[in-house]
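The values are calculated or read from the model by the stated rules, or taken from the named source; none is laboratory data. Note that the structure is a prediction, hence the values are computed from the model and not measured. Here Cβ is always computed from backbone atoms with ideal geometry, including for glycine, and neighbour counts include all displayed protein chains.
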Amino acid sequence: MASPARTVLELAMSDTRQQILILHLAEPDLGAQTVAWALFDGTCPAGDEQMQAGDRPEPPYESVVDAMYDGWRVVQLPQLPTYPQGAEHETGPLPWEYVLERFVRVETANGD
Amino acid sequence: MATDTQMSHRIGALEMARFVVDGFLEYGDLVPDDLNAQVHRDALAYPKNQGYNPNKPREFWNFSDAVREVFGLPAVLGVVESLVGPDPIHDHSFLHTVAPGKREAQRWHVDSSLALDHPRQFDILVCYFPHDAPAEMGPTLVLPGSHVRRVSYHDVTRYKNFLGQRQLTGPGGRIAFIHESLWHCAQPNQTDQWRFMFKIRYLPCVEQRGLFNAEGLDEAEIEAFYNDSNRKYPWAGDPFVAMGQAWRSWWRYLKEAA
């Protein structure tokens, strides 16, 4: 069994990186329309531009199902709402938030 | 109590309803061109890249006679008083700048925590663009309708793009009067010119109801406006019903005299 230190080292030298895509849908159904989107890209070196506020007027996928077809894995489903009496009309952040991930291979520069 | 002269510059019922739904009002015809040009010259002459100093909350205001003249115009005061009432507190003001070629967008945020009686109780942010501000110059990006959602300051920074996001682009002299809870952020400036936006935060000293000009108020017209607005914001998705409830509840409060 690998020691924890060995595991951390192996991860550090891995040539795959995680990308996180967050899609907000109009309804809980995973086929519902994408209404907001954000990408956090682990292949993007520090200092390079990640997706920024306002930089993409069109969603990358029309729905979560569309993203799944393209190879993204869903890692978080939003809880369905409950409505405490007296707070039926409360609003807050966007409710139907799906977190997806994929791992992509990157060129590593580990010397000779 | 507003005088007849003051009331003539107040916004009407439909504009008030539009503020309830959108969270902001914008005008391009309140300030004469020569005054816009003078404020722009003052902004160019003002030292660049000064961060906001809370101990000097009115630096550009004190620097520019012209900007004080803008905010003394009856047409500008009329909108301010319609939203926050007479003699509001000028909490602070600041000349916001985006340098030529700045590539980073600001993160989405709101300029407040939640008021005890959100969204009825609110400060306003008055954003004045003295010069032409096309999209590539990075005028403020807003999410119309977001002001009724219960979020605070930086809760929304993880969001990046929405259906329905909108940049406050337009010719010089535009002023946007914004509810404190509207989600917004500055945008990159791809031009070789400085982008300026002067912003004042006004705090109300009265209950914010019965302040707009209700002459000729047509309830059927207002209700139709709210009905037509129900699916105006695709980003809201299914919870648009809750937003409609918030608008109507707020409207019933607004139209009554304090």
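Of all residue pairs spaced 6 or more apart or on separate chains, those with beta-carbon atoms under 7 Å, a first member in the range B:40-65 that is touching a residue at least 12 places away in the same chain (Cβ under 8 Å) and among the small types (Gly, Ala, Ser) and a second member that is in a loop (DSSP other than H, G, I, E, B) and surrounded by 14 or more Cβ atoms within 10 Å (Cβ to Cβ) are B:ALA43/B:PRO130. A residue that is surrounded by fewer than 16 Cβ atoms within 10 Å (Cβ to Cβ), assigned to a helix (DSSP H, G or I), free of Cβ contacts under 8 Å to residues at least 24 places away in the same chain and within 14 Å of another protein chain (Cβ to nearest Cβ) cannot be found anywhere in the range B:213-235.
The set of residues in the range B:62-78 being small (Gly, Ala, Ser) and under 17 Å from B:SER8 (Cα atoms) consists of B:GLY72, B:ALA75, B:GLY78.
Here B:LEU44 does not qualify as on the phi < 0 side of the Ramachandran plot and part of a strand (DSSP E or B). Could we say that A:PHE40 is surrounded by fewer than 17 Cβ atoms within 10 Å (Cβ to Cβ), without any contact (Cβ under 8 Å) to a residue 24 or more places away in the chain and outside any loop (DSSP other than H, G, I, E, B) here? Judged against the criteria, A:PHE40 is a match.
I'd like the full set of residues that are surrounded by 16 or more Cβ atoms within 10 Å (Cβ to Cβ) and facing chain A (nearest Cβ under 10 Å), limited to the range B:143-163.
Result: B:LEU143, B:SER146, B:VAL148, B:ARG149, B:VAL151, B:ASP155, B:VAL156, B:TYR159, B:LYS160, B:ASN161, B:PHE162, B:LEU163.
Within the range B:123-142, the set of residues being of a type in the set (A, V, I, L, M), within 18 Å of B:VAL110 (Cα to Cα) and within 13 Å of chain A (Cβ to nearest Cβ) comprises B:LEU141, B:VAL142. Just one of the listed residues (A:GLU97, A:GLU88) is buried (at least 16 other Cβ atoms within 10 Å of the Cβ), under 30 Å from B:SER249 (Cα atoms) and within 14 Å of chain B (Cβ to nearest Cβ), and it is A:GLU97. Remark: B:VAL84 falls outside the filter, which requires a residue to be touching a His at 6+ places or on another chain (Cβ under 6 Å) and modelled with pLDDT of 95 or more. Residues in the range B:87-118 that are away from every other protein chain (no Cβ under 12 Å), in a loop (DSSP other than H, G, I, E, B) and more than 15 Å from B:GLU180 (Cβ to Cβ): B:ASP87, B:ALA99, B:PRO100, B:GLY101. Out of (1) facing chain A (nearest Cβ under 10 Å); (2) touching a Leu at 6+ places or on another chain (Cβ under 9 Å), what's the single condition that is false for B:SER249? The single condition B:SER249 does not satisfy is (2).
Does A:GLY92 satisfy the criteria of being in a loop (DSSP other than H, G, I, E, B) and farther than 22 Å from B:GLY237 by Cα? Lay out the reasoning, then the answer.
Details: in a loop (DSSP other than H, G, I, E, B): yes; farther than 22 Å from B:GLY237 by Cα: no.
No.
Taken as a whole, the range B:116-133 holds no residue that is surrounded by fewer than 23 Cβ atoms within 10 Å (Cβ to Cβ), of a type in the set (S, T, N, Q) and over 16 Å from the mean Cα position of the chain (by Cα). Selection of the range B:77-102 for residues being within 21 Å of B:TYR46 (Cβ to Cβ) and either of a type outside the set (A, V, I, L, M, F, W, C) or crowded, with 17+ Cβ neighbours inside 10 Å (or both) yields B:HIS90, B:ASP91, B:HIS92, B:SER93, B:PHE94, B:LEU95, B:HIS96, B:THR97, B:VAL98, B:PRO100, B:GLY101, B:LYS102. Looking only at residues of the range A:64-83 that are within 18 Å of B:TRP235 (Cβ to Cβ) and part of a loop (DSSP other than H, G, I, E, B), we find that the one that is nearest to the other protein chains (Cβ to nearest Cβ) is A:PRO81. Evaluation of B:GLN193 against the conditions (1) part of a loop (DSSP other than H, G, I, E, B); (2) more than 14 Å from chain A (Cβ to nearest Cβ); (3) surrounded by 22 or more Cβ atoms within 10 Å (Cβ to Cβ) shows that the sole unmet condition is (3).
Only a single criterion out of (1) under 29 Å from B:TRP247 (Cβ atoms); (2) within 13 Å of chain B (Cβ to nearest Cβ) is not satisfied by A:TYR61, namely (1). Whether a residue is surrounded by 21 or more Cβ atoms within 10 Å (Cβ to Cβ), over 30 Å from B:PRO47 (Cα atoms) and within 14 Å of another protein chain (Cβ to nearest Cβ) was assessed, and B:LEU168 does not pass this test. For B:GLN121, the conditions (1) at pLDDT below 95; (2) part of a loop (DSSP other than H, G, I, E, B) are fulfilled apart from (1).
Number of residues in the range B:124-144 that are assigned to a loop (DSSP other than H, G, I, E, B) and out of contact with any helix residue (DSSP H, G or I) (no Cβ under 6 Å at 6 or more places or on another chain) equals 6.
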